[in-house]
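Please read the structure below before turning to the comments.
The values are calculated or read from the model by the stated rules, or taken from the named source; none is laboratory data. Quick caveat, the model's predicted, so the values are computed rather than measured. Cβ: placed from backbone, ideal geometry, glycine included. Neighbour counts: every protein chain shown.
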Amino acid sequence: MQYLHTMVRVADLDAALHFYCDLLGLVERKRHDHEKGRFTLVFLCAPEDLERAERDRAPEVELTYNWPPEDGEPERYTGGRNFGHLAYRVDDIYAACQRLMDGGVTINRPPRDGHMAFVRSPDGISIELLQAGDKLPPQEPWASMENTGTW
C-alpha cells in the first residue's frame, strides 16, 4: 500500500491556491479542467516532494473545485473535526507562521513551543505545521500568543 493524495473540496480555487501555494509554500504539479463534468482538479505537493510526486504521483493534495451552476452560487462546504488535518514539516516554523499571518491567515495554535502550529485554509481545513529537526527556542510574539478558535 502507498499513500497517494488527500482530496479537499474548495469553494474558491483562487483563494485556495493563494493559501496553499503563495502562503503555505506548496507547488502546483498538475491541473485538469473537466469541461463536461464542470470541475477542476489541481494537484499540489511540497517543493521537496516534487520529484517524488512527478515519479509516483504521490504524496499530494488534490484540490477539487466544482464549478458553480451557470445561474447560481458556488457550493459551500462545511467540515468537522472528524476530518483531522494535513501536516507539513517546515524549515523554520516561525518564518512560516509569519508569512501566513502577513497573508491574513489566523494562527489558531501558535508555535509557542518552537515545534508545532495549526492554521486553517479558506475552506476550514486544519493544517499542522511541524518544525524540521529539533524544536526552535521560544520566540516572541509566538511564545505568549494565545490559541484562537479550533484546529
Open item on the list: I need the strands (runs of 3 or more DSSP E) fully contained in the stretch 84-151, keeping only those with at least 2 residues that are within 25 Å of residue 12 (Cβ to Cβ) and modelled with pLDDT of 95 or more.
Closed with: 107-109, 116-120
Task: Failed item, numbered, when residue 56 is tested on (1) at pLDDT below 95; (2) surrounded by 12 or more Cβ atoms within 10 Å (Cβ to Cβ); (3) touching a Phe, Trp or Tyr at 6+ places or on another chain (Cβ under 9 Å) - done: (3)
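Would you tally the residues in the stretch 110-132 being among the basic types (Lys, Arg) and touching a Gly at 6+ places or on another chain (Cβ under 9 Å)?
Qualifying residue count for the region: 1.
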Task: Every residue from the stretch 14-33 that is farther than 14 Å from residue 125 by Cα and touching a strand residue (DSSP E or B) at 6+ places or on another chain (Cβ under 7 Å) - done: 21, 26, 27, 28, 29, 30, 31, 32, 33
TODO: Please verify whether the stretch 55-73 includes one or more residues that are within 14 Å of the chain's Cα centre (by Cα), assigned to a helix (DSSP H, G or I) and either more than 30 Å from residue 138 (Cβ to Cβ) or outside the structural domain of residue 133 (by TED's automatic domain parsing) (or both).
DONE: no
TODO: Mind listing just one residue for me: the one in the stretch 22-40 that is at pLDDT below 95 and touching a Phe, Trp or Tyr at 6+ places or on another chain (Cβ under 8 Å) and, of those, farthest from residue 94 (Cα to Cα)?
DONE: 38
